[in-house]
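Just so it is clear, none of the values below were taken in a lab; they were calculated from the coordinates. If you're wondering where the values come from, they're calculated on a predicted model, not measured in any experiment. When we count neighbours, we look across all protein chains shown, and the Cβ atoms used for this are built from the backbone with ideal geometry, even at glycine.
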Amino acid sequence: MTKTKENLAQAFAGESQANRKYLAFAQQADKEGYKRAAKLFRAAAEAETIHALAHLKAMGAIADTAENLKAAVAGETFEYKTMYPPMIEAAKADGDKAAERSFTLANAAEAVHAALYQEALDTLSAEGDADFYLCTVCGHIAKDHAPDKCPICAAGAKAFKKVD
């Protein structure tokens, strides 16, 4: 990998993390009643997304949909099979219940994501429309309808939002 490709990968990761962090900061500012600060955080988050997408494109990391689905299956599978299990064990060993819960919920959701990506890949040529519902507590994605209760975190149906 060239130094420029390494730099693009590092910049993509940094900009992506900044986006998520600034959105979390915006939520906190909203909770505290600081509308101007919240708007600024959201504007900066969008700017970071612009940067991240430009870096990803410059890396040549966006392919056709079939290849993108294969990459998504591989990424999600890596997360739930390889990345999260030792993180869960380390959190247990450290007695960090919040981290353990965070990792465990994410791990379960990543397995569902991988399966949904694989299904999309397997049916790509016959793709029609589908509705997806996101659990705003744990990140579980349900196809076609929101369940009464999240199968991962047990949140009620009100925790799900339809994704357009």
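In the calculated pair distance distribution of the chain, what percentage of Cα-Cα distances lie above 24 Å? Walk me through the numbers before you get to the answer.
On the way: 6932 of 13366 pairs.
The answer is 52 percent, as a whole percent.
Using just the helices of the chain, give the 222 nm mean residue ellipticity in deg cm²/dmol: DSSP H runs with n ≥ 4 each add -39,500 (n - 2.57), and the total is spread over all residues, rounded to 500. List each step's numbers first, then the result.
Details: 5 runs with 104 residues, N = 164.
So the helix-based figure for the chain works out to -22000 deg cm²/dmol.
What are the ³J(HN,Hα) couplings of the range 90-96, residue after residue, when phi is run through the Karplus curve with 6.51, -1.76, 1.60 and θ = phi - 60°? Round to Hz, x for glycine and proline.
These are the phi-based 3J(HN,Hα) values: 5, 5, 4, 4, 7, x, 8 Hz.
Can you give me the Cα centroid spacing of the range 114-164 and the range 16-33 in angstrom?
First find each Cα centre; the distance between them is then 24 Å.
Taking just the C-alpha trace of the range 1-52, give me its Rg and Dmax in Å.
When restricted to the Cα atoms of the range 1-52, Rg and Dmax are 13.5, 46 Å.
Per 5 Å bin, what percent of the C-alpha pairs of the range 33-113 does each bin hold, from zero upward?
3, 13, 13, 12, 13, 18, 16, 10, 2
Hey, for a label at residue 115 modelled as a point 7 Å past Cα toward Cβ, could you say which residues of the range 132-164 have their backbone N under 12 Å away?
141-143, 151-152
Please report 144, 129 as a ranked list, fewest other C-beta atoms within 10 angstrom at the top and most at the bottom. Could the numbers behind the result be given before it?
Details: 144 8, 129 4.
If I rank by nearby Cβ atoms, fewest first, I get 129, 144.
Can you run phi through the Karplus equation (6.51, -1.76, 1.60; θ = phi - 60°) for the range 31-48 and list ³J(HN,Hα) in whole Hz, with x for Gly and Pro?
4, 8, x, 9, 4, 5, 5, 4, 5, 4, 4, 5, 5, 5, 4, 5, 4, 5
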